[in-house]
Structures are given as structure tokens and as C-alpha cells.
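> Take a look at this one; I'll ask things after.
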């Protein structure tokens, strides 16, 4: 698994699970391995089995929510992330996932609220900042988007994608200001 050989991991965890079908930890790892191979239906069924076995950490609900998002089952993802937050209100991952799920559901106020919570809980997480920046950009709030990308670049100046996107946004705002209609001449 650490080497990224998920097919071998699936085979080995599957063998272990045959010997001890009630082992929640092995079931969890097997679900994770299936998720890494793109088999999200199997991943979900294994995570649900883990929950039935009594393992109900915020992390299992985060992984379950992510699997639902991969299958574009947004309402199920929202429920999973909410359950994860109910298990641990300081779970930055679950707030992040919930924000992304709300965004996909076009519930922008809730999406922003959850993404901001994730950033407050894990201010050095570049992915959270970048996602919040893209959210603001999509909403046309370029100043807020630039602020998030600036913070991402400050965290990791070597993060090329964030730096390039920041440059793009800054250039876009310059073009918008120079346009007689404020929309880049469009």
C-alpha cells in the first residue's frame, strides 16, 4: 500500500478479511485500496461495513464522503461529511469535504462557510486555500480569490500551480480595470 501497489494490497487485505470478516481495520484499509483504484462502489460498501462494525471515526466519514463525491452522489456526500463533523467538530477535512459538496449542490453560502472553517482549522493546508480561491474566483470575487492564492504561495513558494494561477488572477484584474467596460473589453 505504501508503495502504491493497491492491487496487491486488495489481494492481501482480501485474504486477511476472509480469515477475520469482522476486522474493521482490515475492512477500512481494503476500502481505501479500492478507492485508490477507482472502484468507489466497492469502497463505499466496505466503509459502510466498517461503520456497521462500530468503527465510526470522523475519518471514515470523510473517506465515505469523498467516495460519494467521486460518484457525484452529492446528497450522500453531504450526509457523510456532516456525520464526520458531528463526530469531530474540529475535523478540517470534513468541513473541507462538506464545503466542496455544498458547492457541487449550488449551496454557495453553506459552501463558503464550510471552506472557511476548514481554512481556520488548518490555515497551512495549501489544498484548502487553493480550493477556497477557486471557489471565490468562480463566484467572481477575484480580490478574495487572489488573497487565498497569495496565502497558498506564501505557505509554499515552490507550488508552481498556485503561483501561476495567482499571476493569472492578478493579470485578469489588471485587464478588467483597464477595460472601458470593466470586463476585459468583452
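The values are calculated or read from the model by the stated rules, or taken from the named source; none is laboratory data. Every value quoted in this text rests on a predicted model; they were computed, and no experiment measured them. Every residue, glycine as well, gets a Cβ built from its backbone with ideal geometry; the counts of neighbours run over all protein chains shown.
> Which of the numbered conditions does residue 1 fail, given that it passes all the others? Conditions: (1) farther than 25 Å from residue 117 by Cβ; (2) at pLDDT 95 or above.
In the conditions (1) farther than 25 Å from residue 117 by Cβ; (2) at pLDDT 95 or above, residue 1 misses (2) alone.
> Can you list residue pairs whose Cβ atoms sit under 6 Å apart, with the first residue in the range 77-101 being touching a residue at least 12 places away in the same chain (Cβ under 8 Å) and the second being surrounded by fewer than 24 Cβ atoms within 10 Å (Cβ to Cβ) and not in a helix (DSSP H, G or I)? Count only pairs 6 or more apart in sequence or on different chains.
Close Cβ pairs (under 6 Å, with a partner that is surrounded by fewer than 24 Cβ atoms within 10 Å (Cβ to Cβ) and not in a helix (DSSP H, G or I)) amount to 92/122.
> To continue, here is another question. Of the residues 46, 71, 30, only one is assigned by TED's automatic domain parsing to the domain that holds residue 87 and either closer than 19 Å to residue 94 by Cβ or within 21 Å of the chain's Cα centre (by Cα) (or both); which?
71
> Further, regarding this structure: Here is a check on your reading of the model: is residue 148 outside the structural domain of residue 78 (by TED's automatic domain parsing) and closer than 26 Å to residue 58 by Cβ?
It is true that residue 148 is outside the structural domain of residue 78 (by TED's automatic domain parsing) and closer than 26 Å to residue 58 by Cβ.
> Which residue out of 158, 150, 124, 171 is in a helix (DSSP H, G or I) and surrounded by fewer than 13 Cβ atoms within 10 Å (Cβ to Cβ)? I'd like the intermediate steps shown before the answer.
Details: 158 fails: in a helix (DSSP H, G or I); 150 fails: surrounded by fewer than 13 Cβ atoms within 10 Å (Cβ to Cβ); 124 fails: in a helix (DSSP H, G or I).
On inspection, the qualifying residue turns out to be 171.
> Which numbered condition trips up residue 135, out of (1) in a helix (DSSP H, G or I); (2) farther than 29 Å from residue 61 by Cβ?
(2)
> I'm told residue 3 meets every condition in (1) within 30 Å of residue 141 (Cα to Cα); (2) exposed (fewer than 15 other Cβ atoms within 10 Å of the Cβ) except one. Can you identify the failing condition by its number?
Only one criterion is unmet by residue 3, namely (1).
> Take the range 103-121 and flag every residue that is in a helix (DSSP H, G or I), more than 29 Å from residue 167 (Cβ to Cβ) and in contact with a helix residue (DSSP H, G or I) (Cβ under 6 Å, 6 or more places away or on another chain).
110
> Same structure again: Have a look at 22, 57 and point out the one that is in contact with a helix residue (DSSP H, G or I) (Cβ under 8 Å, 6 or more places away or on another chain) and in contact (Cβ under 8 Å) with a residue 24 or more places away in the chain.
Result: 57 is the single residue among 22, 57 that is in contact with a helix residue (DSSP H, G or I) (Cβ under 8 Å, 6 or more places away or on another chain) and in contact (Cβ under 8 Å) with a residue 24 or more places away in the chain.
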